[in-house]
Amino acid sequence: MTTRDEKALAALQAAWPDWEVWRVPTAYGPAWWCARLRTDERTVLNARSAAGLRELLEAAAAGPLARDDRVELAGRLPDGYSTAALGAGDTGTVELTDSLGTIHVRWDSGARVGITADLASLVRRTSAGAHGSPDEGTADQGGAS
């Protein structure tokens with residue numbers, strides 16, 4: 001491991017103490033940068049660079065995407081993923097995240113495309129929607145009708 005990688009690893013470990021962070025060398029190509037939440041062994045993140053892992057950790061800290069969150073496509077979808085012409089930088093609004101982790105987005109282009117959990121790192125929150133406040137008429141009024 002190079003000094004640069006050692007410094008990047010130490011910086012990630014210091015910045016994210018709730019995560020176990022490590023680097024896995026490969027026989028060819030870039031190493032994998034990995035993180036596991038210390039309180040939940042099933043929550044594991046993997047990236048091909050320290051910067052990529054930092055982005056995933058920041059997204060995990062922000063919490064799951066919720067209805068009405070504004071998002072941006074941060075990269076290119078794999079060939080054949082969708083018939084919709086979506087590219088990096090396209091924006092949209094989250095409709096829901098289902099039980100399998102698919103993020104269903106109403107893109108500003110008019111397309112409605114779900115991004116599967118394995119590609120969720122390509123969807124970045126740009127701003128929170130109104131999911132934090134109750135919808136009109138749904139608040140408990142404290143009495144029977």
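The values are calculated or read from the model by the stated rules, or taken from the named source; none is laboratory data. Here the structure is a predicted model, which means the values were calculated and not measured. Reconstructed Cβ throughout: ideal geometry from the backbone, glycine too, with neighbour counts over all protein chains shown.
Worth pointing out:
- Check on Gly75, surrounded by fewer than 16 Cβ atoms within 10 Å (Cβ to Cβ), in contact with a Leu (Cβ under 8 Å, 6 or more places away or on another chain) and of a type outside the set (Phe, Trp, Tyr): yes
- Checking the stated criteria, Leu9 turns out not to satisfy the condition of being surrounded by 17 or more Cβ atoms within 10 Å (Cβ to Cβ) and either in the same structural domain as Arg112 (by TED's automatic domain parsing) or in a strand (DSSP E or B) (or both).
- Test set (1) in contact with a Leu (Cβ under 7 Å, 6 or more places away or on another chain); (2) assigned to a loop (DSSP other than H, G, I, E, B); (3) not hydrophobic (A, V, I, L, M, F, W, C) - His104 fails condition number: (2)
- Sole residue being among the small types (Gly, Ala, Ser), under 19 Å from the mean Cα position of the chain (by Cα) and not in a helix (DSSP H, G or I), chosen from Ala35, Ala51: Ala35
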